[in-house]
1. Roughly what angle does helix A:380-394 make with the longest principal axis of chain A, taking Cα atoms, 0 to 90 degrees, to the nearest 10?
2. Return the long-range amide H neighbours of A:His30 (sequence gap of 5 or more, or a different chain), with a cut-off of under 5 Å between placed amide H atoms.
3. So which chymotrypsin sites (Phe, Trp or Tyr not before Pro) in segment B:39-97 pass both tests, a DSSP loop state and at most 10 other Cβ atoms within 10 Å of the Cβ?
4. Over 27 Å between Cα atoms: which of A:Lys338/A:Lys374; A:Lys224/A:Lys388; A:Lys280/B:Lys36; A:Lys45/A:Lys126; A:Lys160/B:Lys178 fall into that group?
5. Whole angstrom only: what separates the Cα centroid of segment A:254-330 from the Cα centroid of segment B:68-146?
6. Considering only A:Ala194, A:Gly223, A:Gln237, whose Cα is most displaced toward the positive end of the charge dipole of segment A:183-243, charges sitting on Cβ of Lys, Arg (+1) and Asp, Glu (-1)?
7. Of B:Ala72, B:Ala176, B:Ala52, which has the largest mean-square fluctuation in a 10 Å C-alpha GNM of chain B?
8. Could you size up the charge dipole of chain A around its Cα centre, putting +1 on the beta carbon of Lys and Arg and -1 on that of Asp and Glu, and report it in debye to the nearest 20?
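Just so it is clear, none of the values below were taken in a lab; they were calculated from the coordinates. Please read these numbers as outputs of a predicted model, since none were measured by experiment. We place every Cβ from the backbone using ideal geometry, glycine too, and count neighbours over all the protein chains shown.
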Amino acid sequence: MNSNKVLSLKNLSKTFGSVKANENVSLDLHRGEILALLGENGAGKTTLMNMLFGHYMPDSGRIEVADDAGHFSDLVLGHPQAAIAAGIGMVHQHFTLAENLDAVDNIMLGAEPLTRMRRNRHEAEKKINALMENSGLSTPLDVPAGRLTVGERQRVEILKALYRNVRILVLDEPTAVLTPQEADTLFENIATMAAEGLAVIFISHKLREVLAFSHRIAVLRLGKNVGEMATSEADEQKIARMMVGSETSLPIRQAATTGAPVLHLEALSVVGRGRRDSLKAVNLTVLGGEILGIAGVSGNGQAALAGVLSGMMTPEAGKIILNNEEVSQIDPAQMIAKGVGRIPEDRHRDGIIGSMSVAENMIIEGVDGHRFQKNGLLKRENITEHAKALSVEYDVRGPGIAAPAQLLSGGNIQKLILARVFDKKPLLILANQPTRGLDMGAAADVARRLIEARSRGAGIVLISEDLDEILRLADRILVIHDGEFAETHTRDRAELGLLMAGQAA
Amino acid sequence: MFDILQILLSESFWSASLRIATPLIFGVLGALLCEKSGVLNLGIEGIFVAGAMVGWMAVWLGAGLWGAVLAAALAGALFGLLHGILTVPLGLSQHVSGLAITLFASSLSYFSYRTALPTVSSPPRIGPFQPLDIPILSDLPFIGPVLFQQTALTFLALFCVFLVWYVLNKTALGVAIKAVGDNPNSVDAQGLSVYGLRIGAVMAGSALMALGGAFLTMSAFDAFFFGMVNGRGWICIALVIFASWRPGKALLGAILFGAFDALQVRLQTEVGAFVPSQVFLAAPYILSIFALVIAARRAEYPRALLTPWFKGQR
């Protein structure tokens, strides 16, 4: 493996404004190797890969690629076409499929000259079928990509790269949207392709899959190389320490005593926006002092559940009983008044009003009392005092409480929301993907707060696609699939994965 | 029933329908091409005026008819280029830029016309396209007069329907245009130029729009006068939605509208005594609103329509 170098990134640097996204980053890749590229959010992984693929122009540095015969030459930088010609393929985190085109057209797009007047779809289909057989990646070919499942779309993306005879494949967070089973299948396929000589770099946050499937691990921190190791010598603690630069300890969940039910759903039906994103006559009970984990692949009814609990969607049928009292009128203000705390999935869109100040965002759910306003006039002093106190307590960092909330980083926006929600001591907390996209430090903070609230006696509904998070935090687990819940006592990943895919374990 | 049946079965009615539909066919194809790439082109109304003026003036200045058609298409493409630059790399609001193009193109056309002919009171005439007389085919009963006594521009319009359909569905370029209108990142990830594809599609689409205008001065009438486009461009914008961005349905929609228009003219003479003529003039537009209400619910918009895309921002 050592002599078969296919790619060498040398001292790449890239600056965006005043931010050094990459500083003298170097990386080698060998034939048949699966390299995991790790780092916290903002460590510069995606920037590095985008430079490799020509989407970004590096400020300095070189990239050398070997041709089929093993001769190295400099890659022309800043041109995706040059990268493709050199045998580099990239599967972006956000898929780049045209949803109105089928798989064949998506795969052929750009692989044939635009001047071609008669396309040879037939020939292409034959080649794609052969590729599917060799790699084990299969997907329907004649359906518009918009109607494929996420897993299928990803396979189209990989096939797109293989169709161009790539020798180096880059995958940016390939399993973020997959069920555990799909993820495992994907990595098995990747391993097969690597055994045949494909060199693979993948970016991931999931240490489990990194340890299970990669050969080598490279870690970036704050835009710089901080270390490399063979996967055989790595373990979770070692990697985490390298990524964060210091010890972070994940909070430990201790047994807690449960109290009376705080939420009870009876035969609740909600019609959601998506095809499967509805709830079908579900029953649910959440006790005070427990964290109920809702596991499942997104788009299976989570949005409808969150919508109802946050008062933003009206159910078709069924009852909602909050703290022994039936909720007759569902609207956001009512739900807040009845003691529901909401941590929304899309924190930028639903969690804050970006153009308003941090202080204003902190009181946004509490202006109906007399603490922050009188006769419609805001009490600025109280608001400022309140914001200062919460910023300290919840460690919200940024340009100050008078600055627009959109200037905060993702982690600090989440802390702002936690401060606003938890300060009201809600009975029921809806935490929808509370740590998605947060780096380890911030994620650990969120988890700690949730556990604190639970100890205080609040009931928590934790919706998460991250099975590890559910396993770590939840006292009880429900799997949601196609609008229905399956209660389960298993803590086995494979069994949970089967339930998430809708197959009875 | 006021002999509606008799009207609907007459050769002259369908012949008129196709004639009225011709500029709309050009316009709706042009708008469709722009929108397939993700750019709404509200410059259409003004580009119609520019096409009408340039086509007419080229003939008046001594150019051949086909040379004038080419000049009109070029003028349209230039306005398309302007709209493309404003909305694609600069990412300005497509609505605002489109309306500005409409105001600019029509005002510039009227201005040029007035500058060239400061003193004439009645618009000078040119020798327009004549109906093509194709031996045998033109003598067929019914079909002959309807189809084969149109001018060459009508046949060009019908050919363009096929051409746009073929390009969008059978060529690599068409696949790329559809892709850039759905998800520009898909095109960018392949190293193709999002800007190039979009500006190109807008220029080609605008050239088609200008042909619709040229038909007015070079085939339907034989002179250029103010207000002659009379909202045809806006109708095309609605027809694209009715057609759900499909060239075949676009043709159908244009002919349907042409038929409504031809029908109202004939109904006016039948029942004009009882009903004010304005009702008939408004009828095609009211009917097209109804058609839209029904069709637009199922319409599949190009996903990236109206959304600017910037390089390096992903």
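1. Taking Cα atoms only, the helix is inclined about 60 degrees.
2. When sequence neighbours closer than 5 places are left aside, the close amide H contacts are A:Val6.
3. Listed in order of number, the matching sites amount to none.
4. Too far apart for the 27 Å limit: A:Lys224/A:Lys388; A:Lys280/B:Lys36; A:Lys45/A:Lys126.
5. Result: 60 Å between the Cα centres.
6. It is A:Gly223, whose Cα lies furthest towards the positive end.
7. Of B:Ala72, B:Ala176, B:Ala52, the Gaussian network model singles out B:Ala176 as fluctuating most.
8. About 960 debye.
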